[in-house]
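For reference, the structure discussed in these notes is given below.
The values are calculated or read from the model by the stated rules, or taken from the named source; none is laboratory data. In this text, all values refer to a predicted model and were calculated from it rather than measured experimentally. Methodologically, a virtual Cβ is constructed for each residue, glycine included, from the backbone with ideal geometry; neighbour enumeration extends over all protein chains shown. Just so you know, the surface numbers come from the protein's heavy atoms only, side chains and all, with ligands and any DNA or RNA stripped out. Shrake-Rupley method; radii C 1.70, N 1.55, O 1.52, S 1.80 Å.
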Amino acid sequence: MKTIEILVALAILLPIVLFYIKKKLSSRRTPPDYLKKISQENELDITDFEDLPGKFLVMDTLHKKLLFSRYASSKVQSLVIDLSRILSCRMEKEVIITSGHAHIEKIGLVFKHKFHKGEEDIHIPLYDSHKDGMDEAFHYYEIAKGWVKRVEQGLDRQVQVN
């Protein structure tokens, strides 16, 4: 009797689980064409991306690369970071206190080099209160936290000495 109950339960649950998996896979975001184009130009496969006003991040976990681009009118500035050469990633925020109130001035990502100890860290600005709306600071804070987590997961933790 228990075998029949298990088969009936599977017959009922299996279509629900398959439907959920199919829905989850189809709900993945597809990058816009301009992200696909700039990724191809930099020989990157888009694994994850963030499209923000005036800038975007593209992650290629297979090749361990991160692309950051800023664009204004027709100019595009891009920076490709080889994550195999990065020791760590952290979020940096600049807070200014005026009249007893804390105000987030800037939020960004900071990458520490693995091999070049004397080299300056790489800074990627995501939010600047002078350019972005003040009410967007928390949104950018959450975005930065998420990208730190994604980058940290993709880093190779085996430090090699030359």
So in the stretch 53-67, with the set limited to residues that are open to solvent by 10 Å² or more (accessible area, probe 1.4 Å) and under 14 Å from the mean Cα position of the chain (by Cα), which one is nearest to His139 (Cα to Cα)?
Lys55
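List the strands (runs of 3 or more DSSP E) that sit entirely inside the stretch 49-162 and contain at least 3 residues that are under 18 Å from Ile38 (Cβ atoms).
Values: elements: 55-60, 65-72, 75-82, 86-98, 101-113, 122-128.
Because the criterion is at least 3 residues that are under 18 Å from Ile38 (Cβ atoms), the strands (runs of 3 or more DSSP E) in the stretch 49-162 that meet it are 55-60, 65-72, 75-82.
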Which one of these does Phe138 not meet: (1) modelled with pLDDT under 80; (2) under 23 Å from Asp48 (Cβ atoms)?
(1)
Do you know which residues across the stretch 114-132 are more than 15 Å from Phe56 (Cα to Cα) and open to solvent by less than 30 Å² (accessible area, probe 1.4 Å)?
Lys114, Ser129
Please count how many residues of the stretch 68-91 are surrounded by 14 or more Cβ atoms within 10 Å (Cβ to Cβ) and in contact with a Gly (Cβ under 7 Å, 6 or more places away or on another chain).
3
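Would you call Asp45 among the acidic types (Asp, Glu) and open to solvent by 60 Å² or more (accessible area, probe 1.4 Å)? Even if it seems obvious, please write down each step before you answer.
On the way: among the acidic types (Asp, Glu): yes; open to solvent by 60 Å² or more (accessible area, probe 1.4 Å): yes.
Taking the combined requirement at face value, the residue satisfies it.
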Pair list, Cβ < 7 Å and 6+ apart or interchain, from the stretch 98-114 residues that are over 27 Å from Glu152 (Cα atoms) to residues that are modelled with pLDDT of 90 or more and not in a strand (DSSP E or B):
none
